[in-house]
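Beneath this line is the structure, given in structure tokens, with notes to follow.
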Number of protein chains: 2
Amino acid sequence: MTGRSTGLTISDVAKAAGVARSSVSRAFTRPDMLSPETVQRIMDAAKRLGYVPNHTARALSTGRHGNVALIVPDVANPFFPPLIRAAQREAERRDFCVFLGNTDEDPKQESKLLGRFAGQVEGVVLVSSRLSDAQIRSHVSQRPLVLINRDVEGIPRVLIDSGSGVSEAVAHLAELGHKKIVYVSGPVTSWSNKQRKAAVQAVAARLGLTVETVAASVASYDAGRNAVGRILATRATAAVAFDDLTAQGVLAGLADRGVAVPADFSVVGCDDVLGAATYPPLTTVSNRSEEAGTVALSLLMDMLKSRVVQDARHVLETHLVVRNTTVGYKAAHGKAEPG
Amino acid sequence: MTGRSTGLTISDVAKAAGVARSSVSRAFTRPDMLSPETVQRIMDAAKRLGYVPNHTARALSTGRHGNVALIVPDVANPFFPPLIRAAQREAERRDFCVFLGNTDEDPKQESKLLGRFAGQVEGVVLVSSRLSDAQIRSHVSQRPLVLINRDVEGIPRVLIDSGSGVSEAVAHLAELGHKKIVYVSGPVTSWSNKQRKAAVQAVAARLGLTVETVAASVASYDAGRNAVGRILATRATAAVAFDDLTAQGVLAGLADRGVAVPADFSVVGCDDVLGAATYPPLTTVSNRSEEAGTVALSLLMDMLKSRVVQDARHVLETHLVVRNTTVGYKAAHGKAEPG
DNA sequence: ACTTGTCACGCAACCGGTTGCACGTCAAGC
DNA sequence: GCTTGACGTGCAACCGGTTGCGTGACAAGT
């Protein structure tokens, strides 16, 4: 009637096995408390009847549901799925189920979801949260929570340091002989964008490169494509783009103008989101989003176990992945930087 | 202690409002049964205390959890995220939460997840299930279930008919003057692959095109790239690939050999997974996966409401999206098909 | 033989809601 | 004035497990 999978309860099993309900319960949760024969008898009966413990009832009395929530800004952004999958895997390894929430980049929606999940999850991991620090803190007081790509003091968090990879990218370009490069920036409000831009400028300064910034404002193919005019106007010989999508746009714009990559111009992306699956394969910065997912989940699980919030701050460094859109400027041209 | 958001229960509210627990319960679930003033008083007390109903307890007594599960083969496959997001949105619109399951294309894993979710969801949508018909049927007997891209008689299902779009693609190529094309096939076990291949052959026959099949075996960039030698050997002038990833590989392989696209060769993908975000933008077939997600969810919700399984079979037709990897063969060459 | 301790198990309360039924009140109908 | 019915509310059982505590059986210790 109710669509329940089976109407079977511990009582049925208890009757069949000739024991009390509590013994059935213990057979499943703490078999060591029972004699081996009793456990065996109960298990046999359970299997014979096709009994399966009711998750909800168990959750009600224990307060443990075995669920966690994962909340992301946008499932369809290719950056997140690998992270989701990794988190999922880790959760399942520990016999947890995961609720997935999609906020559409909207803080209100994020709060709403948090509320809806509350009471059926034991913990939450918030990815690239758009909430204010204060809001995040207020949620933390209610239930275990870990952050990904959001740096709030006192709250367990795992951060993907794209700065390290971007730095390598700039060093790579310098080593190849480029003297002037441009950073194609992303959304100004983005934590990642700030991080990446700063890294580019720091390393460029250290290695004596000139760097100009061209704003793509939003992170998209079109934004990258539209920025090409301004990029070329700088007379730079290489560009580091905020992300792969932007980089791909830049490649398109370059192609439109007949600029060959990497022969005439080098491009590096960030996040390794398209993998090698475009042509030419993009030199980019690894994202380690999978590890972020795994680590965040383990962190959360540890908290659930120990019941203590640790001020963990797990930083994942990224690295340059050299493919085919970068090449030595001198090697390609056999001469020095144009005047 | 237990990390519950609040220790508040209906009893607290009842006491504060000076009514019985049952009245508090009714104030939230069937306010029409109470006098307006009582409802008001209870609500005030609840708000003042910060009471929020316990989802788990409610689920235990009603059998309704307000959760559904969405199980996909691989979150990271770009085909699924838009579908997931759409389903999510639809679920939320109806105040449902969604569990996400990832099977890694493994039927065993799929069964396991189905089991783990059982008892905490009211219904399931299974996307591109790898289970056998019999297994699927056995699950259906246990709880409401709807299928996406899996055609099992008697079970509500929504099917994305990529055949229609592929047919358009072939017609498009014919119209452009191509006489001989190749179909770069995907996994032989794939329902979609069968569908697409059949469509290509049917339309080609009708329009008098010659079509050869080149197997890429798995759907991937590399597979596509490796197939190019064989594709070119057929002396065809255009290719329809199983999916966008494969198509992208084909483009890469073509570029490796100096074959210009679309000037010398036309390529069309399928699934519109990379959007326009590559260069040159790929002519492909739309996927309508978002609608599939939305429709599947509504179907499920209807079943939950009416408690009756309808043998719905919802087919979504796809269409050709013309971008820049196809062009008239004659237009490009100004002559007839080469000998 | 009698205390003491251990072990296996049952009893019953509890988790936090929902819901069938009974009860009391009050207005309308005769 | 008494029945009738509608209405608002409370009582208590129930959803399906978990768990603190008590009890009886049996072995070991003196």
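Points worth noting:
- For the options A:234, A:284, A:326, a Gaussian network treatment of chain A with springs between C-alpha atoms closer than 10 Å singles out A:234 as fluctuating the most.
- Position residue A:306, label points 7 Å along Cα→Cβ, spacing to each other copy in nm (shortest first, one decimal): 5.4
- Normalised by the number of residues in segment A:10-53, the average gap of Cα pairs under 8 Å and 6 or more apart makes the relative contact order 41 percent.
- Dipole magnitude of segment B:116-189 about its Cα centre (Cβ charges: Lys, Arg +1; Asp, Glu -1), debye to nearest 20: 280 debye
- Reachable aspartates and glutamates from residue A:305, criterion Cα separation under 13 angstrom, eight or more residues apart if same chain: A:122
- For the protein assembly as shown, size of Cβ-based charge dipole, Lys and Arg +1, Asp and Glu -1, in debye: 1500 debye
- 5 angstrom amide H check on residue B:321, placed H, neighbours 5+ away: B:284, B:285, B:286
- On the principal axes of its alpha-carbon atoms, segment A:88-164 has extents of 34, 29, 25 Å, going from largest to smallest.
- Chain A: relative contact order as a whole-number percent, Cα under 8 Å and 6+ apart: 17 percent
- Annotation for residue B:189, label-to-label distances across the other copies: 4.5 nm (shortest first, one decimal, point 7 Å from Cα along Cα→Cβ).
- The residues packed around residue A:319, meaning those with a beta-carbon under 9 Å from its beta-carbon, carry a net charge of -1 if Lys and Arg are +1 and Asp and Glu are -1.
- Comparing B:134, B:86, B:239 in a Gaussian network model of chain B (Cα springs below 10 Å), the most mobile by mean-square fluctuation is B:134.
- The residue list A:327, B:167, B:84 was ranked by how far each Cα lies along the charge dipole of the protein assembly as shown toward its positive end, using unit charges on Cβ atoms, and B:84 comes out on top.
- Across the identical copies, the label point of residue B:317 (7 Å from Cα in the Cβ direction) is separated from its matches by 5.7 nm, in order from shortest.
- Based on alpha carbons, the Rg and Dmax found for the protein assembly as shown are 28.6, 94 Å.
- Over chain A - Rg/Rh using Cα atoms and the Kirkwood inverse-distance radius: 1.16
- Relative contact order of segment A:81-232, taken over Cα pairs closer than 8 Å and 6 or more residues apart, is 14 percent.
- Over segment A:129-220 - Rg/Rh using Cα atoms and the Kirkwood inverse-distance radius: 1.11
- Local net charge near residue B:97, Cβ-Cβ under 14 Å (Lys/Arg +1, Asp/Glu -1): +3
- Charge dipole (the protein assembly as shown, unit charges on Cβ, about Cα centre) - positive-most of A:146, A:220, B:9: B:9
- One equal scatterer on each Cα of segment A:1-154, no solvent, Debye formula: the resulting log10 I(q)/I(0) at q = 0.17, 0.21 Å⁻¹ is -0.94, -1.24.
- Structural size metrics of segment B:193-309, computed from C-alpha coordinates, are Rg and Dmax of 17.7, 60 Å.
- Site-free segments of chain B were taken between trypsin sites (Lys or Arg not before Pro) in DSSP loops having at most 15 other Cβ atoms within 10 Å, sites themselves excluded; the longest one is B:95-234.
- Rounded to the nearest 500, the helix-only mean residue ellipticity at 222 nm of chain B stands at -14000 deg cm²/dmol, with each DSSP H run of n ≥ 4 adding -39,500 (n - 2.57).
- Of all chain B residues, the closest to the B-onto-A rotation axis by Cβ, with that distance in whole Å, is B:100, 2.
- Against the rule of thumb 2.2 N^0.38 Å, how large the Cα Rg of segment A:10-53 comes out: 0.95
None of the figures in this text is laboratory data; all of them are computed from the coordinates on show. Because the structure is a prediction, the values reported are computed rather than measured. Neighbour counts run over all protein chains shown; Cβ positions are idealised from the backbone, glycine included.
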